[in-house]
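Below you'll find the structure, written out as structure tokens, and then a few comments.
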Amino acid sequence: SLRQLEDAAGKLCAFFSGRTSQHQTIGNIKSYIQKNYRDSSLCLSKLSDEFHLSESYLSYLFKESTGENFSMYLEHIRMEAALRLVRETSAPLSDLYLETGYNNANSFRRVFKKTYGMSAKAMRDSLNA
């Protein structure tokens, strides 16, 4: 009876320490993404190398913890940064894709318009009007 309680307590401790470790890992990964989203080569394989996890496990863990896959999460981070740049700076719109980690301006423009319903130029123009 006492032995069963000790076993149960040990299993609970192991379970919760594993969850804390996963939570910590995801926190570290999210922090890394926040610091490195400008890197256009940032991808799941780069993260898996950085954190010594397989791509499939990292992908599973990320989706399980955040509710979205890595690429969508990265896109949201990049678009938040783009919105900040459009609203708060006078940075040339032609350079925004470089500042936010996109490989080319067309991809950036397409995602910006899909996310915000208007181009970066139209948004800046409306803010300045």
*Local net charge near Ser90, Cβ-Cβ under 14 Å (Lys/Arg +1, Asp/Glu -1)*: 0
*Can you pull the percent of Cα pairs in the chain with separation above 22 Å?*
49
*Relative to the Cα centre, what is the charge dipole magnitude of the chain, using +1 at the beta carbon of each Lys and Arg, -1 at the beta carbon of each Asp and Glu, and rounding to the nearest 20 debye?*
400
*So if R0 is 30 Å, what FRET efficiency would Glu55 and Asn104 give, r being the distance between their Cβ atoms, rounded to the nearest 0.05?*
0.75
*Kindly write out, for region 48-57 in residue order, the coupling ³J(HN,Hα) from the Karplus curve 6.51 cos²θ - 1.76 cosθ + 1.60 (θ = phi - 60°), rounded to whole Hz, with x marking Gly and Pro.*
5, 5, 4, 9, 6, 10, 5, 4, 5, 5
_Whole-Hz ³J(HN,Hα) from phi, Karplus 6.51 cos²θ - 1.76 cosθ + 1.60, for region 99-106, glycine and proline x_ = 5, 10, x, 8, 6, 8, 5, 5
*Hey, what do the phi angles of region 113-126 turn into as Karplus ³J(HN,Hα) couplings, whole Hz, using 6.51/-1.76/1.60 and θ = phi - 60°, x for Gly and Pro?*
5, 5, 6, 10, x, 7, 6, 4, 5, 4, 5, 5, 4, 5
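None of the figures in this text is laboratory data; all of them are computed from the coordinates on show. Source: prediction; values computed, not measured. Positions of Cβ are backbone-derived with ideal geometry, glycine not excepted, and every protein chain shown enters the neighbour counts.
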